[in-house]
Amino acid sequence: MSGGTDSPASARRLTVCNQRGLHARAAAKFVRTVEQYDAEVTVVKDGVEVPGDSIMGLMMLAAGRGTSLDVRAHGPDAEAALDALATLLERGFDETQ
């Protein structure tokens, strides 16, 4: 997805609330959500920044339950992407445990 310097930018602090944190399945859902929007998403934890479309990058953040993530989006769909990601995290990645 494209996100140039003239594109709208947004940022939010989101909290991981599912029991297992940002593990492989949750990271894959995060990436699938990002890929639905025309926005470049980055995720920052403790100064480490990774692309929002990288499962491995997201997993390397080792974001457990209760972890705050700064999520930034640039591009025409920046706000919509952040809304969808906020909903995904609030729902605990739709996990039952």
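Tabulated data for the structure shown
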| read-out | value |
| --- | --- |
| Whole-number Å³ per residue for the convex hull built on Cα positions in the chain | 77 |
| Under Karplus coefficients 6.51, -1.76 and 1.60, residue-wise ³J(HN,Hα) of region 22-38 in Hz, glycine/proline x | 8, 7, 4, 5, 5, 4, 5, 5, 4, 4, 4, 5, 4, 5, 7, 10, 8 |
| Residue order, fewest to most surrounding Cβ atoms within 10 angstrom, among PHE93, PHE30 | PHE93, PHE30 |
| Size of charge dipole - region 54-97 - debye, nearest 20, with Cβ of Lys, Arg +1 and Asp, Glu -1, no other charges | 200 |
| 0 to 90° range, to nearest 10: angle between helix 78-90 axis and the chain longest Cα axis | 10 |
| Estimated distance in nm for a label pair at ALA62 and VAL48, the labels positioned 7 Å out from Cα along Cα-to-Cβ | 0.7 |
| Magnitude of the charge dipole, the chain, Cβ model with Lys/Arg +1 and Asp/Glu -1, debye to 20 | 500 |
| Loop-located trypsin sites (Lys or Arg not before Pro) in region 1-93, at most 16 other Cβ atoms within 10 Å (DSSP) | ARG20, ARG65, ARG91 |
| Using θ = phi - 60° and Karplus 6.51 cos²θ - 1.76 cosθ + 1.60, couplings along region 12-18 (whole Hz; Gly, Pro as x) | 8, 9, 10, 10, 6, 10, 7 |
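No value in this document is a laboratory result; all are computed from the given coordinates. Nothing here was measured: the structure is a model prediction, and the numbers come from that model. So basically every Cβ, Gly included, is an ideal-geometry build from the backbone, and we count neighbours across all protein chains shown.
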